[in-house]
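Heads up, the thing below is written out as structure tokens.
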Amino acid sequence: MKKAVPGTGGDRYVPMSERTGEQSVVYFTRDLSPEGLIKAYEKVSGKITGKVAVKLHTGEPNGPNIIPRPWVKELMAKDLPDATIIETNTYYDGDRYTTPQHRKTLEVNGWTFAPVDITDEKGTALLPVKDGKWFTEMSVGKSMPTYDSMVTLTHFKGHTMGGFGGSNKNIGIGCADGRIGKKWIHTQEGSSNMWSVNTEELMEKISESTKATIDFFGEHVTYVNVMRNMSVSCDCEGTAAEPVVTPNVGILSSTDILALDQACVDIIFAMNEKDGKALRERITTRHGLRQLSYMKELGMGNDRYVLIDLDNDEKEMSLEDAVRDLKPFEG
């Protein structure tokens, strides 16, 4: 078994001035509403064609912080009327561990306005991982490769093990099937501790899993991150999530997964000491920044970007602009 390379920067934030390479475009709106979600999505929807999967974290029963269902309903009604929400079962025992449990939770949480495909309900499929150091292939839900395009709708927040959960975590963990793929990511071979993979190694494995999926979809995958109700806990903790103390920001979108997750992290690090402290500490103590540096090493996108203000004639904006008028969280 390979070991993670020490000192790969998962606990050190790298400012924009120290990054090199090309720039991508990231769109930003402060409009936390169905209209804002639609506005952000439509800027990055050009290559979404054919049979469309919408990858969401639909949450544990009554989870308080997930993307509001009415927002997703309005987006799908307007722009994705024939799309299917996709999910996978969980690795841990709980209310989404089996397909019947998962379907009951979907009903409790109100995901009844569109078809939902639990992609590992009838088995698994293998996708190649190109240039990975941990994996040569990743196990995903069997039906996922039957889709032509994927829209990734992500609630950006903290994460107990990953530091933060952005588009990379939504795909890397959320598309890996519940019994094989997630085990490969989370558990050291031969270990009795199902959560024995952590820090740098975990971030790298999540990113390689994501790469398998986005390489499969190619240009036909896009990303939207909603920076609202950002607990340091993942939505997989449901009603047990830590209280939200970080202000709401807005909605960001890009066709570049690394640029998008990097921009969200940059916004957290651009916040004042009080507003950003909890999430910054969660990200750095879990070495979550390794998600970003490893995505760059794998050629998954650019960590430099231009931020475009959708609320101001699509002018270029700074991170300082993005954190100037933060909204109170919805506790």
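The values are calculated or read from the model by the stated rules, or taken from the named source; none is laboratory data. If you're wondering where the values come from, they're calculated on a predicted model, not measured in any experiment. Glycine gets a Cβ as well: all are built from the backbone with ideal geometry, and neighbour counts include every protein chain shown.
Scanning region 222-256 for residues that are outside any loop (DSSP other than H, G, I, E, B), of a type outside the set (A, V, I, L, M) and under 23 Å from Asp95 (Cβ atoms) returns Asp235, Cys236, Glu237, Gly238, Thr239. Among the candidates Met138, Met161, Met203, Met194, the residue that is closer than 30 Å to Val244 by Cβ and either in a strand (DSSP E or B) or touching a Ser or Thr at 6+ places or on another chain (Cβ under 6 Å) (or both) is uniquely Met194. Going residue by residue through region 244-267, is there one that turns out to be modelled with pLDDT of 95 or more, more than 30 Å from Gly218 (Cα to Cα) and buried (at least 24 other Cβ atoms within 10 Å of the Cβ)? Yes - at least one qualifying residue is present in region 244-267.
With respect to the stated conditions, Tyr27 is touching a residue at least 60 places away in the same chain (Cβ under 8 Å), of a type outside the set (A, V, I, L, M, F, W, C) and assigned to a strand (DSSP E or B).
Summed over region 30-45, the residues that are in contact (Cβ under 8 Å) with a residue 60 or more places away in the chain, more than 18 Å from the chain's Cα centre (by Cα) and assigned to a loop (DSSP other than H, G, I, E, B) give a count of 3. Could you list, in sequence order, all residues of region 75-100 that are surrounded by fewer than 22 Cβ atoms within 10 Å (Cβ to Cβ) and in contact with an Asp or Glu (Cβ under 8 Å, 6 or more places away or on another chain)? Scanning region 75-100 gives Asp79, Thr84, Asn89, Gly94, Asp95, Thr99.
For region 50-73, the condition holds for at least one residue, the condition being that it is exposed (fewer than 15 other Cβ atoms within 10 Å of the Cβ) and either hydrophobic (A, V, I, L, M, F, W, C) or part of a helix (DSSP H, G or I) (or both).
Just wondering, is there one or more residues in region 257-280 that are within 14 Å of the chain's Cα centre (by Cα) and either over 30 Å from Gly46 (Cα atoms) or assigned to a strand (DSSP E or B) (or both)? No, region 257-280 contains no residue that is within 14 Å of the chain's Cα centre (by Cα) and either over 30 Å from Gly46 (Cα atoms) or assigned to a strand (DSSP E or B) (or both). Residue count for region 93-140, restricted to those that are of a type in the set (Gly, Ala, Ser) and more than 20 Å from Ser207 (Cβ to Cβ): 4.
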